[in-house]
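K.L.:
Got a structure for you, questions after.
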Amino acid sequence: MNQNLRVPGPTPLPADVREAQAAPMIDHRGAEFAELLGSIRSDIARLTGSGTGAMEAAIVNTHSPGDRVLAVSIGSFGDRFAAIAEAFGASVERLDFEWGTPADPDRLSEALRAGGPYRSVLLTHNETSTGVANPIRELVAAVREAPGEPLALVDAISALGALPFEMDEWRVDLALSASQKAWMASPGIAIAAVGPRARAAEAEAAMPSFYWSFADARRWSEKGQTPWTPAVSVLFGLRRGVERLLAEGREATWARHRAVAAAAQRGVEALDLALLAAPGSRSPTVTAAWLPEGVDWASLNAALRKRGLAVAGGQGRLAGRILRLGHMGDVQLDDILDAITVLGEGLGGLRATPDPARAVDAARDAYRAEAGRGPAAAVPSGAPAARR
Ligand SMILES: Cc1ncc(COP(=O)(O)O)c(C=O)c1O
């Protein structure tokens, strides 16, 4: 059955990505692989693993046991970043915000002034577990202006490619992503962009690591290879995904995600579901909504899957309490309208629910209003507000 895959990663594979991934296997120590690796971008580490591997790589390559780390968490993936740093012996302090809300840059500045200096600050750009996009530029600015200039490490796994991101201009030290998100490829490639300060930190970092060495990845990439056997087929798909992103143009891609997200948010609300995130912090790549009183997640999920719609449930403390609708990568308005229709029908079987057709109209209107603002509206304007 043709499934409308609306979990927040893995994302649907476009036909040409599927074809690229089905190419015959090649020698990962040969010239053809060197050409493949080089064509994706040689200054970004592509390690075989999932996004969590990229998070672990970011920690172990830039820290020593006992280093003071401030972990800013707004959900389950922020918690995971903190847990990884703890597992490798960092001295982790936490700045937690209520799930469903973004992190506050002023409170981060205060925490950095009161508790610093820290070696690094761990940030999440887009918290996939709650559907909240953090004001990442302002948060990074707070980090870079803090005593001791901690490293700003950003988990941009469910953001990169879909949300505006200016690594150099915003002075991000390390940014992470994974192939199964906005890149439109299968799971299997962890992506890390390492800035100059993070690279300098590698020389002093003494946390144990073997598989996840940025230095090894860099050294081998000069020869057009990876240190260990890579996920070759996924790299074929990733190259095609990157080509698709470049062909669309980044501003147009960001604008499409905003418009599709507007449709998802409005459509879900028109089905009488309350969103976790307030307007202004809602994610362009995943919409999280509270399950209505009396609606059981397992029953709803089964009803949706029977109708060909795959959405995600809640994680951690939100398990059984929310649903999450993914809209990143190869997603268009029709995918969302289909999801709203099926969600409305599925809910309708379990309780009184507004007419799905009216929710679809509301979603389409929201899409048109957002799309009408054009690609320029997706570009962040002005410098971040000066920190006090
Ligand atoms: C924000 C964020 N961080 C980390 C991860 C973990 O990535 P993976 O599941 O590829 O290990 C995810 C995956 O959904 C994510 O969305």
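Please treat every number below as a calculation from the coordinates, not as lab data. What you see is a predicted model; the values in this text were computed from it and never measured. Every residue, glycine among them, receives a Cβ derived from its backbone with ideal geometry; neighbour counts consider all protein chains shown.
K.L.:
Sort out which residues of the stretch 98-112 are charged (D, E, K, R), surrounded by 14 or more Cβ atoms within 10 Å (Cβ to Cβ) and either touching a Cys at 6+ places or on another chain (Cβ under 7 Å) or assigned to a loop (DSSP other than H, G, I, E, B) (or both), and write them in order of number.
P.N.:
Within the stretch 98-112, just 104 meets the criteria.
K.L.:
Looking at the stretch 102-112, can you tell me whether even one residue there is farther than 19 Å from residue 156 by Cβ and under 22 Å from the mean Cα position of the chain (by Cα)?
P.N.:
So far as the stretch 102-112 goes, yes, one or more of its residues are farther than 19 Å from residue 156 by Cβ and under 22 Å from the mean Cα position of the chain (by Cα).
K.L.:
Are there any pairs, at least 6 apart or on different chains, whose C-beta atoms fall under 7 Å, with the first in the stretch 197-219 and touching a residue at least 60 places away in the same chain (Cβ under 8 Å) and the second β-branched (Val, Ile, Thr) and in a loop (DSSP other than H, G, I, E, B), and if so, which?
P.N.:
What qualifies is 217/226.
K.L.:
Moving to a separate point now. For the subset of the stretch 113-135 comprising residues that are among the hydroxyl-bearing types (Ser, Thr, Tyr) and assigned to a strand (DSSP E or B), which member is nearest to residue 102 (Cα to Cα)?
P.N.:
As a first pass, look at the stretch 113-135 and keep what is among the hydroxyl-bearing types (Ser, Thr, Tyr): 118, 120, 124, 128-130.
Checking the rest, the ones that are also assigned to a strand (DSSP E or B) come to 120, 124.
Working: 120: 20, 124: 10 Å.
Top of the filtered list is 124.
K.L.:
If I ask for residues that are touching a residue at least 24 places away in the same chain (Cβ under 8 Å), within 12 Å of residue 225 (Cβ to Cβ) and either among the aromatic types (Phe, Trp, Tyr) or loosely packed, with under 14 Cβ neighbours inside 10 Å (or both), which ones from the stretch 21-41 would you list?
P.N.:
Passing the criteria: 29, 31, 33, 35, 38.
K.L.:
Within the stretch 265-285, restricting attention to residues that are over 22 Å from the mean Cα position of the chain (by Cα) and surrounded by fewer than 21 Cβ atoms within 10 Å (Cβ to Cβ), which residue is nearest to residue 328 (Cα to Cα)?
P.N.:
Step by step, filter the stretch 265-285, then rank; the result is 269.
K.L.:
Identify all residues within the stretch 202-247 that are surrounded by 14 or more Cβ atoms within 10 Å (Cβ to Cβ), part of a loop (DSSP other than H, G, I, E, B) and of a type outside the set (Gly, Ala, Ser); write none if there are none.
P.N.:
Matches in the stretch 202-247: 207, 211, 212, 225, 226, 227, 228, 230.
K.L.:
Scanning the stretch 132-159 for residues that are crowded, with 24+ Cβ neighbours inside 10 Å and without any contact (Cβ under 8 Å) to a residue 40 or more places away in the chain, which turns out nearest to the ligand (Cβ to nearest atom)?
P.N.:
156
K.L.:
I would also like to ask the following. Name the residue, out of 68, 46, 18, that is of a type outside the set (Val, Ile, Thr), in contact (Cβ under 8 Å) with a residue 60 or more places away in the chain and surrounded by fewer than 22 Cβ atoms within 10 Å (Cβ to Cβ).
P.N.:
18
K.L.:
Now for a different question. How do the pairs read when you match residues in the stretch 181-193 that are closer than 19 Å to residue 325 by Cβ with residues anywhere that are more than 10 Å from the ligand (Cβ to nearest atom) and assigned to a strand (DSSP E or B), using Cβ under 6 Å and keeping only pairs 6 or more apart or on different chains?
P.N.:
Hits for this filter: zero, empty list.
K.L.:
Is it the case, given these coordinates, that residue 56 is within 15 Å of the ligand (Cβ to nearest atom), charged (D, E, K, R), in contact (Cβ under 8 Å) with a residue 24 or more places away in the chain and farther than 26 Å from residue 204 by Cα?
P.N.:
no
K.L.:
If you check residue 330 against the conditions, is it surrounded by fewer than 21 Cβ atoms within 10 Å (Cβ to Cβ) and closer than 21 Å to residue 50 by Cα?
P.N.:
So residue 330 passes the test.
K.L.:
While we're looking at this one, here's another question. Hey, does the stretch 42-51 have a residue that's within 16 Å of the ligand (Cβ to nearest atom), out of contact with any helix residue (DSSP H, G or I) (no Cβ under 6 Å at 6 or more places or on another chain) and β-branched (Val, Ile, Thr)?
P.N.:
Yes, there is a match, as at least one residue in the stretch 42-51 is within 16 Å of the ligand (Cβ to nearest atom), out of contact with any helix residue (DSSP H, G or I) (no Cβ under 6 Å at 6 or more places or on another chain) and β-branched (Val, Ile, Thr).
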